[in-house]
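Novice: Submitted below is the structure of interest, expressed as structure tokens.
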Amino acid sequence: MITLHHVPQTRSFRILWFLHEAGLPHRVSYHSFAGKALRDPAFLAMSPAGRVPAVEVDGEILFESGAILEVLAEVHAPALGRAPGHPERGKYLEWLHYGETLAQHLAQLTFHHIALKPADRSPVVQKLEALRLRRALEGLDHALGGDFLLEGFSAADIMTGASAEIARRFVPFDGLDRLKDWHARLTARPGFRAALAVDGPAELYLQERYHD
């Protein structure tokens, strides 16, 4: 049994989605940003930065979402990964971690639209990070040539797609037709829908859009 430590609408959704796509037995331990649960010494022993996800699997604890997806794919769901020696291995790892390229801009946008008090928010940072996110999404749109990032659906689609799902709240996908089609295919998948149904009550993104 795999245990996922999870906060709704965060990076841990990537793992929740993967678990449903792979059909892996799991339990979800829900946490909240409210209070100090993520700063509790017991949780910090699992995740040193006090962030989700953290996963208990095969007698060990993993706490970085990219590493978690690599390990889970290689050990428990090889069809969703690309093992060493596979001709798509390099491209798989690149796009798997491109999810974090998007997420670095999402973190700044989340802080300056939601987390900070209104008086501390910077319109300059909001504009700059939205522009940087848009350029990263344009790079993704340019690279998409088929239904998925590789020859078939993989954890790379999950990692990058989960970031794109949040990105749509901050940057419109206008003019990014391949990205829009890919995003629509991903969010229509039964695995995505099943994960979304158990993601938990929203406490972070309470608006569908944070752009005009």
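Novice: Go through the stretch 141-178 residue by residue and tally those that are among the polar types (S, T, N, Q) and farther than 20 Å from LEU109 by Cα.
Specialist: Number of matching residues: 1.
Novice: Quick one: GLY99 ticks every box in (1) assigned to a helix (DSSP H, G or I); (2) under 20 Å from MET1 (Cβ atoms); (3) small (Gly, Ala, Ser) except a single one, so which number is it?
Specialist: For GLY99, the exception is condition (2).
Novice: Being of a type outside the set (S, T, N, Q) and more than 20 Å from SER163 (Cα to Cα) narrows it down to one of ALA103, ALA54, ALA42, so name that one.
Specialist: Answer to the check: ALA42.
Novice: So, one more: Mind checking which residues of the stretch 89-129 are among the charged types (D, E, K, R) and open to solvent by less than 30 Å² (accessible area, probe 1.4 Å)?
Specialist: GLU129
Novice: Of the residues SER47, SER32, which single one is within 25 Å of GLN108 (Cβ to Cβ), surrounded by fewer than 21 Cβ atoms within 10 Å (Cβ to Cβ) and touching an Asp or Glu at 6+ places or on another chain (Cβ under 8 Å)?
Specialist: Criteria check complete, one pass: SER32.
Novice: Give me the helices (runs of 4 or more DSSP H) completely within the stretch 1-82, filtered to those with at least 1 residues that are touching a residue at least 24 places away in the same chain (Cβ under 8 Å) and of a type in the set (D, E, K, R), ordered by residue number.
Specialist: Once the helices (runs of 4 or more DSSP H) in the stretch 1-82 are filtered for at least 1 residues that are touching a residue at least 24 places away in the same chain (Cβ under 8 Å) and of a type in the set (D, E, K, R), what remains is 12-22, 65-76.
Novice: (1) open to solvent by 10 Å² or more (accessible area, probe 1.4 Å); (2) in a helix (DSSP H, G or I): which one isn't true of ASP157, the others all being true?
Specialist: With respect to (1) open to solvent by 10 Å² or more (accessible area, probe 1.4 Å); (2) in a helix (DSSP H, G or I), ASP157 is out only on (1).
Novice: Oh, and also: Look at the stretch 170-212 and say how many of its residues are open to solvent by 80 Å² or more (accessible area, probe 1.4 Å) and on the phi > 0 side of the Ramachandran plot.
Specialist: Number of matching residues: 0.
The values are calculated or read from the model by the stated rules, or taken from the named source; none is laboratory data. In this text, all values refer to a predicted model and were calculated from it rather than measured experimentally. Cβ coordinates were reconstructed from backbone atoms using ideal geometry, including for glycine residues, and neighbour counts include every protein chain displayed. Only protein heavy atoms, including side chains, enter the accessible area calculation; ligands, DNA and RNA are left aside. Shrake-Rupley method; radii C 1.70, N 1.55, O 1.52, S 1.80 Å.
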